[in-house]
1. Kindly indicate whether any position in the stretch C:84-93 is β-branched (Val, Ile, Thr), under 28 Å from D:Asp191 (Cα atoms) and within 14 Å of chain D (Cβ to nearest Cβ).
2. Restricting attention to the stretch A:44-63, which residues are more than 11 Å from DNA strand F (Cβ to nearest atom) and surrounded by 17 or more Cβ atoms within 10 Å (Cβ to Cβ)?
3. Which residues, taken from the stretch A:102-147, are polar (S, T, N, Q) and more than 12 Å from the chain's Cα centre (by Cα)?
4. When you scan the stretch C:90-192 for helices (runs of 4 or more DSSP H) that lie fully inside it, which ones turn up with 1 or more residues that are over 20 Å from D:Glu110 (Cα atoms) and free of Cβ contacts under 8 Å to residues at least 24 places away in the same chain?
5. Given the criterion more than 30 Å from C:His33 (Cα to Cα) and modelled with pLDDT under 95, identify the matching residue among D:Phe120, D:Phe139, D:Phe133.
6. Looking at the stretch B:111-122, can you tell me whether even one residue there is out of contact with any helix residue (DSSP H, G or I) (no Cβ under 6 Å at 6 or more places or on another chain) and more than 19 Å from B:Arg63 (Cβ to Cβ)?
7. How many residues does the stretch C:46-87 contain that are outside any helix (DSSP H, G or I) and away from DNA strand E (no atom under 16 Å from the Cβ)?
Protein chains: 4
Amino acid sequence: MNLHMQRRTVNPVDKKARVVRAARRLFVQHGFHNTTMPAIVAEAGVSIGAIYSYFPTKEALARQIHDETLAEFMLFFDLRLAGRTACFDKLAAFAEVVLETTERDPELMEYLLFMRHDEFMPGLPPICFTGPFLLLQDFVREGIAGGELRPGNWLVSAVAYTGVILRAAELHLKCILTEPLAAIREELIADAWAAIRA
Amino acid sequence: MNLHMQRRTVNPVDKKARVVRAARRLFVQHGFHNTTMPAIVAEAGVSIGAIYSYFPTKEALARQIHDETLAEFMLFFDLRLAGRTACFDKLAAFAEVVLETTERDPELMEYLLFMRHDEFMPGLPPICFTGPFLLLQDFVREGIAGGELRPGNWLVSAVAYTGVILRAAELHLKCILTEPLAAIREELIADAWAAIRA
Amino acid sequence: MNLHMQRRTVNPVDKKARVVRAARRLFVQHGFHNTTMPAIVAEAGVSIGAIYSYFPTKEALARQIHDETLAEFMLFFDLRLAGRTACFDKLAAFAEVVLETTERDPELMEYLLFMRHDEFMPGLPPICFTGPFLLLQDFVREGIAGGELRPGNWLVSAVAYTGVILRAAELHLKCILTEPLAAIREELIADAWAAIRA
Amino acid sequence: MNLHMQRRTVNPVDKKARVVRAARRLFVQHGFHNTTMPAIVAEAGVSIGAIYSYFPTKEALARQIHDETLAEFMLFFDLRLAGRTACFDKLAAFAEVVLETTERDPELMEYLLFMRHDEFMPGLPPICFTGPFLLLQDFVREGIAGGELRPGNWLVSAVAYTGVILRAAELHLKCILTEPLAAIREELIADAWAAIRA
DNA sequence: GATGAATGAGGGTTCATTCAT
DNA sequence: TATGAATGAACCCTCATTCAT
């Protein structure tokens, strides 16, 4: 490869990342089966051959998007949890991460909330059975044990808390709850907490 | 009509209904674009020609399923509302209908919660902007005005209440919240109410 | 069959004729393969089952139309030839029949000129090899032998005469030669005759 | 590029041209609706995908064939007209082009004479209303004005001249007029001219 | 590696024909 | 005999994937 070509070529890492970004945007917007490889080519500005040099199949591309997206969200949650010990604070960390991510990177949140990943990964557990959500269930169990939350079925309490927060994110992404989430964050966290506190 | 004939012939109304049932089951399970007409043929036990004599296109079939499903749910909600006047009771009617329908006719509820109808009806408002959900928003507004609910953004309160209930239905359908919903109905309604009551 | 039914039923002969008429109209207009049986049903106002009780297949229907149409044209020609002996008069009989039929029963002439009968009767000789046209070739041969026509290839002379007349009919049916054919009949016959007379 | 590769690869221009050739042959032979895409695939020796990479639809393929064919014929006519001024010579140019093309590229002439292009281009004017034929009508008008042709309806005269020539081409293509057209060219041109000369 | 023209299985849909009524 | 709902082979077309360059 000569200098002339180096000037015209993109860093392969960036190129792969561009493919992933473009594909996730299209998958979220139109669904997996309604997104064609040529559409990804057009959105990402790379050749079809390049995509197939990074991923063996369209499904493998989708799988990588899935894993990366979940990992990114888990990372945000982990960072936000640092130093929090009270049940209220740990649950609020979840709410904050969900609401802030919804506004900062809507595609990520749309992916978590709406993507039908069973279209390309049959048999995979649903997203609400993954890291952040399991962690939150732990917090609820501890909260009940510690008397901060009302006694009862801990799974029901976890459902209630996450239901309030996630539905707000969902309706915001669907342009039904049009207020900035930052403006109603406190009210949402208060409502979610009221649903399950002792 | 004698018995011999009964065995070989199907009432056309039943046949069309069989197609609708089979198609909804498959649409909900695999999504619109991942459900092929041959798959519907196999599931419904009718010929492809018969389906196209009932519906001009696959999309028209999906549209009819959509309309029927929404109308059926709205009917259940209307019936359950009869005679209820207190805010708590009217909101509870919504919760009861959602939770009971989830167990009695899971496909109907899966359709309402998971179907991406924008795959075949681009531009249509999301389901959470249809009849039952708009009605529920009215009840919340009245509840705040009447002092039964905490003051605040009424849309946020509606989001909180429905979030608790719908997420329970969602996780039950995904086999994560495995308890019979009838068993946790009171707890869910209590949590949802606690989230927004005065 | 009781009186009540007689009032509601059509003479089967008429019904069959209606089918033939409707089918020929549609075949001429849209071609054989672009005419559907349901379209014939709609045009003829009979049931699909009735058509299949008259004709075993769509092709058999087309064949009968073909035979009837050719026979009808041959009949007109025969009648017009009665009593004509001079070469000019016999050729003029052909021209008159073509031009008058074009205006009186355009569908018949469209059929003769434009129908691609090889779409449903592969291997059949073209229409210009059938009765009236063979007859006309005989007249030309006689005309040359009798000195009324220029010596030369008799087939070429037949081609020339029929070419003038048939192209006029063709362009009239295509709405390019819009004058009433009756008004230019003499001129056409004169031109055709001039092309080949001694 | 070595010999081995040449055997396995086709110039894309040739490939597209092969498709056009094969399709025109089949369209002319069996008509548009009676020619299936698989048949074109077999005739052209390319994949169905390749065809659809050249033309968005079967109709677009037919349209391109139509345009190319008309343009090619018009070009021949233009070239042949060069330097001709007398009415007889200009009309003879038309006759020569028609008769020679009929023998040199029968498919082209069959297309012009027999193709029902309204099957795929509804509303398009018939071929006899296109370039060469309009030009010929001009020549006839000038010939009448200049006294070289008999007075009368100029359209009728144009019909007469073209009728003689085109019917000869038509019957030659249908294997009825089996003589080589080159051998009867002079006689045909003489007959056509005799039909309309002063 | 990167490219994109080419491949062909499989999609949605049509329509000639059948057969229970 | 007449009806028309039902059948399914075959249509046109799409798009994930390959491979010569």
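The values are calculated or read from the model by the stated rules, or taken from the named source; none is laboratory data. As the structure is a prediction and not an experimental result, all values here were calculated from the model. Ideal geometry is used to build each Cβ from the backbone, glycine not excepted, and the neighbour counts take in all protein chains shown.
1. Within the stretch C:84-93, the subset β-branched (Val, Ile, Thr) is C:85.
Applying the additional criterion that residues be under 28 Å from D:Asp191 (Cα atoms) yields C:85.
This time we only want the ones that are within 14 Å of chain D (Cβ to nearest Cβ), so: none.
No, because not a single residue in the stretch C:84-93 is β-branched (Val, Ile, Thr), under 28 Å from D:Asp191 (Cα atoms) and within 14 Å of chain D (Cβ to nearest Cβ).
2. Looking only at the stretch A:44-63, we keep the residues that are more than 11 Å from DNA strand F (Cβ to nearest atom), and these are A:44-46, A:54, A:63.
A:Ala44, A:Val46, listed by residue number.
3. Just the residues of the stretch A:102-147 that are polar (S, T, N, Q), to begin with: A:102, A:130, A:137.
Result: A:Gln137, single match.
4. Values: elements: C:106-114, C:131-145, C:154-173.
Here the list reads C:131-145, C:154-173.
5. On the way: D:Phe120 fails: more than 30 Å from C:His33 (Cα to Cα); D:Phe133 fails: more than 30 Å from C:His33 (Cα to Cα).
Result of the check over D:Phe120, D:Phe139, D:Phe133: D:Phe139.
6. Looking through the stretch B:111-122, none of the residues is out of contact with any helix residue (DSSP H, G or I) (no Cβ under 6 Å at 6 or more places or on another chain) and more than 19 Å from B:Arg63 (Cβ to Cβ).
7. Start the filter on the stretch C:46-87 by keeping residues that are outside any helix (DSSP H, G or I), which leaves C:46-47, C:55-57, C:82-86.
Now drop any that are not away from DNA strand E (no atom under 16 Å from the Cβ), which leaves C:82-86.
Selection size over the stretch C:46-87: 5.
This table checks each residue for (1) within 22 Å of D:Glu119 (Cβ to Cβ); (2) in contact with a Leu (Cβ under 8 Å, 6 or more places away or on another chain); (3) at pLDDT 90 or above; (4) not aromatic (Phe, Trp, Tyr).
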residue	(1), (2), (3), (4)
C:Ala22	yes, no, yes, yes
C:Ala39	yes, yes, yes, yes
C:Gly45	no, no, no, yes
C:Phe55	no, yes, yes, no
C:Ala60	no, no, yes, yes
C:Leu70	no, yes, yes, yes
C:Ala93	no, yes, yes, yes
C:Arg104	no, no, yes, yes
